Amino acid sequence: MDSWVRFNGQSQAKERVIRAAQYACTLLGYTLQKGGASSELRKTVSQLEAHMSLTRKLLRLGNSVEALEAAKRAIHLSDSVLRLCLTISHLNRAMYFACDNVLWAGKTGLISKLDQHKWSQRSFRYYLFALILNLSRDVYELRLLVECESRYRASKSPSSPNLPDDHSSSPSTPAQLAWLRRQLHLLVTVLYSNPPLLLDLLKNSCDIFIPLDRLGIYPTGQGFVGACGLASSVLSILTMVHPWLKLKP
């Protein structure tokens, strides 16, 4: 109960809940369309999705300042790769929120004759860059943990066989298959032992399909976008209810 009270008191948490509902409507609209539902029902769901999107934009007003503060903190990290990825990611998030604020002003009529499509595409580009950097950070941390676990295992069993040096041998040889199985088991073990990294990797992997679809780089359709958005929103809510699941820094 204490976790829920703390969660409900955060404006960002409310935005995540509305985001989950928005993408649930996206997925529902796609399902209704495929199921041959009435146009009136599909229109109602589409309008509800649009209202939720506008509400989210309102809740994100001023988030650019928070993203800039996060960038200022990230620039002091000792690890150069994390410093680069996180600082530029937060700067892209700040630009994404700024474009989103302008788009909100255009949708509400505060800025007349705004080219909403241009600003929407611009915001999704910044969002995509931020996600690419976040995924790069996840992969980097995963590689460090895998190498650390591999060294630990090697110290425990130094006589364990390694991949043969003969690169000309067929990839289906028993030795290479055994090496691949060990690497896969190592990867699964590391992810299982580090839930924050696993959740962040899954969340960013789901999120990246949204700007890819919106920008036309890799169209996946409303159904897939809705499912990915809903899944990443649920994972975000989970990290807010249980802060220890949030990847740091």
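The values are calculated or read from the model by the stated rules, or taken from the named source; none is laboratory data. Note that the coordinates shown come from a computational prediction; the quantities given were computed from them, not determined experimentally. Cβ coordinates were reconstructed from backbone atoms using ideal geometry, including for glycine residues, and neighbour counts include every protein chain displayed. With ligands, DNA and RNA removed, areas are computed over all heavy atoms of the protein, side chains included. Shrake-Rupley method; radii C 1.70, N 1.55, O 1.52, S 1.80 Å.
Values computed for the structure shown
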item: Heavy-atom SASA rank of Asp115, Asp213 (probe 1.4 Å, accessible area, largest first); result: Asp115, Asp213
item: Solvent-accessible area of Met52 with every protein chain in place, 1.4 Å probe, in Å² to the nearest 10; result: 40 Å²
item: Residue order for Leu197, Leu145, Leu202, Leu32 - accessible surface, 1.4 angstrom probe, largest first; result: Leu202, Leu145, Leu32, Leu197
item: Carbon and sulfur %, accessible surface of segment 1-139 computed with the full protein complex present, 1.4 Å; result: 60 percent
item: Selected from Tyr126, Leu142, Thr55, residue furthest toward positive end of dipole (the chain; charges at beta carbon); result: Thr55
item: Estimated Rh, segment 1-114: Kirkwood, alpha-carbon pairs, angstrom; result: 16.6 Å
item: Average accessible surface area per residue within the chain, 1.4 Å rolling probe, Å²; result: 59 Å²
item: Entries in Lys57/Lys113; Lys14/Lys203; Lys43/Lys113; Lys14/Lys43 that, when Cα-Cα distance is taken, lie over 22 Å; result: Lys43/Lys113; Lys14/Lys43
item: Solvent-accessible area of Glu49 with every protein chain in place, 1.4 Å probe, in Å² to the nearest 10; result: 40 Å²
item: Cβ-based charge dipole, the chain, positive-most Cα from Leu186, Ser11, Leu114; result: Leu114
item: For segment 149-155, 3J(HN,Hα) per residue [Karplus equation, 6.51 cos²θ - 1.76 cosθ + 1.60, θ = phi - 60°, Hz, x = Gly/Pro]; result: 5, 5, 5, 5, 5, 5, 5
item: Heavy atoms of Tyr140: accessible area, 1.4 Å probe, square angstrom to 10; result: 40 Å²
item: Ranked order, Arg16, Arg73 - accessible area, probe 1.4 Å, largest first; result: Arg73, Arg16
